Amino acid sequence: MHLILHYMKKHWKRIGCGVSLKTLAALGELTIPYILEHIIDDVVPTKKVLMVFAWGLAMIGAAFLVRTLNIQANHRAAATGRDCIRTLRYDLFQKTVNLSGAQFDRFGLPSLTSRMTSDSYNVQNFIVSMQAMGIRAPILLLGGIVVTMTMDWALSSILCIMVPVLGVIIYAVTRHGIPLYDKVQRGVDSIVRVMRENITGIRVVKALSKEEYEKRRFDEANRLMTEVDLRAGVTMAMPGPIMQLFLNIGLTLVVIVGARRVNSGIIAPGVILAFLTYFNMILQGVMGLNRIFMMMSKATASADRIRLILEAENDQPVLPFREEDRLHTDAHILFDHVSFAYHAVSENQTTGKFADEAPEKCLSEISFQIGRGESLGIIGATGSGKTTILNLLMRFYDCNEGCIYIDGRDVRTYEKDKLRQKFGVAFQNDTIFNDTMLQNICFWRELSEAQAAHAAETANLASFIEGLEGKYQYLADIKGANLSGGQKQRTFIARAVADSPEILILDDSSSALDYRTDAALRKSIQQDLSGTTLIMVAQRVSSIMNLTNILVLEEGRIIGYGNHAHLMEHCPVYRDICKAQMS
């Protein structure tokens, strides 16, 4: 709730205005039954028709004024909810994109997606409802009781007995509702996870004819979420019928006691009609509060999930740097006895708590260096730690032991923006955006079309783009559905080289290219980026055999380091790879 109030207080003027209008509207509603009672008991007996019409017009005017005030208040409430959630979503997105790799693994993409969408929607609904029903309901409830007490204490005492009972019911149900709605949102996480996996891997699913299996898997996740949602819905729906029963009992008692008091001449008939109207208002107030507490249960559970993201501590602080701390070395990049393990922390979908899992070391005692303008190839079996080295270099993760230096400076002392600006990166499974080819290369950086064209030339992509309708303004589909695998990879490489980076990283980014195109690409990079330090992860020996040095990995350890000739003589694993690929 503190999170919700934090975003609401930024709009206190609009909220104050809306609350004032809603208060006036609710007070106006309370006057209408009072006017009705006055007409029946005081005006009608005078038999003055004009007076009856005048008071009738007063009732109509009061009703019209109440309606106008409610519309204005509801408009402000909706605007406040919209602006609050817009700010919250922006903050949540900003925090999400700045999470470290470990934190991103911890929360998971499906959970982050549902917090951004359904959780924020629950919070928005509560903000709007709290300003609308949250003001009107208590005023109708308490105001109705106060007004009826001035009309007849005996009848109002019936209400005073009913209201505390209803309050206890609402409190008891709300207390159990929040944990249930938290489970519902975790169920949404599971559904998003299954949907994302199916949408992303739809071609594999279709190719292997696993549609029925995936339907069953989705149905299971959907069933579990529905069961929890049903349990939460039933729990939160219980107060409605119970309160309706008690209020109907109270209404019956009002009619019985009121009729006797009218027959005894203690009260006038108009009091009974007004009392019944006030009783209906009190009923609306109680039901409104019930809906508020139901929405509050959802919003509180959702706000707690959002708060975990917003309050996640920065686990990769920038360390202080002094010039005397700089390592005196000629190496542009230096790994000094680096070890690393992915410390998995998973969220239990039943309890919502995070549990540590035993970390498995994937890099051990990695040491190597690259001079400025030199090139390094990294090769090894799947899971040997090739991409992990790149993740540590760009500081997506921090190493557990050892240090990584760029220009003699620990990467942990660089501001992240300054560090990342040094790199041009092309991953194997990168993303093509639903935008022009120009923007897919420039990636909204301050680059000219001439620079993009030069990058396309370097990536051996220019002839393809020139043959497209619209050329660099050609619109790529989402995820590059209208491009081939090789065209997408060359676009990734063009994006990586467009800004003439200090360090170029190619993470198996030419696997979809034929050998001739791959060779032409490597030649272009060597010519156009001769001063750039190159790190290339590859499965093909032909892609890296002419680089300055080659790093051979096996199960997270270096088993060979040197140029092609050296490794052919001294590294049996590398020699076997070469024979297998080039025999």
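Tabulated results
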read-out: Hey, T329 assigned to a helix (DSSP H, G or I) and touching a residue at least 24 places away in the same chain (Cβ under 8 Å) or not; value: no
read-out: Matching residues in the range 202-225 - criterion: being of a type in the set (S, T, N, Q) and in contact (Cβ under 8 Å) with a residue 24 or more places away in the chain; value: N222
read-out: Of the criteria (1) more than 22 Å from L483 (Cβ to Cβ); (2) surrounded by 22 or more Cβ atoms within 10 Å (Cβ to Cβ), which one E502 fails; value: (2)
read-out: Test: residue in the range 306-317 that is farther than 30 Å from D417 by Cβ, touching an Asp or Glu at 6+ places or on another chain (Cβ under 9 Å) and open to solvent by 20 Å² or more (accessible area, probe 1.4 Å); value: no
read-out: Candidate set from the range 199-231 (those that are in a helix (DSSP H, G or I) and small (G, A, S)); member that is nearest to the chain's Cα centre (by Cα); value: A221
read-out: Residues that are open to solvent by 40 Å² or more (accessible area, probe 1.4 Å) and within 25 Å of Q131 (Cβ to Cβ), drawn from the range 33-67; value: A63, F64, L65, R67
read-out: Test for A452: is it among the hydrophobic types (A, V, I, L, M, F, W, C), farther than 23 Å from D508 by Cβ, touching a helix residue (DSSP H, G or I) at 6+ places or on another chain (Cβ under 7 Å) and crowded, with 20+ Cβ neighbours inside 10 Å; value: yes
read-out: Yes/no for L461 being farther than 24 Å from L327 by Cβ, in contact (Cβ under 8 Å) with a residue 40 or more places away in the chain and either open to solvent by less than 30 Å² (accessible area, probe 1.4 Å) or more than 30 Å from the chain's Cα centre (by Cα) (or both); value: no
read-out: Members of the range 183-197 found to be at pLDDT below 75 and surrounded by fewer than 21 Cβ atoms within 10 Å (Cβ to Cβ), listed by number; value: R196, E197
read-out: Listing of helices (runs of 4 or more DSSP H) fully contained in the range 434-549 that carry 1 or more residues being closer than 19 Å to L376 by Cα and acidic (D, E); value: 515-528
read-out: Near pairs, Cβ below 8 angstrom, 6+ apart or cross-chain, from the range 542-560 (within 14 Å of K523 (Cβ to Cβ)) to any residue that is crowded, with 19+ Cβ neighbours inside 10 Å and modelled with pLDDT under 85; value: S542/D518; S543/S510; S543/D518; S543/R522; N546/R522
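The values are calculated or read from the model by the stated rules, or taken from the named source; none is laboratory data. What you see is a predicted model, and the numbers here were worked out from it, not measured in a lab. Ideal geometry is used to build each Cβ from the backbone, glycine not excepted, and the neighbour counts take in all protein chains shown. With ligands, DNA and RNA removed, areas are computed over all heavy atoms of the protein, side chains included. Shrake-Rupley method; radii C 1.70, N 1.55, O 1.52, S 1.80 Å.
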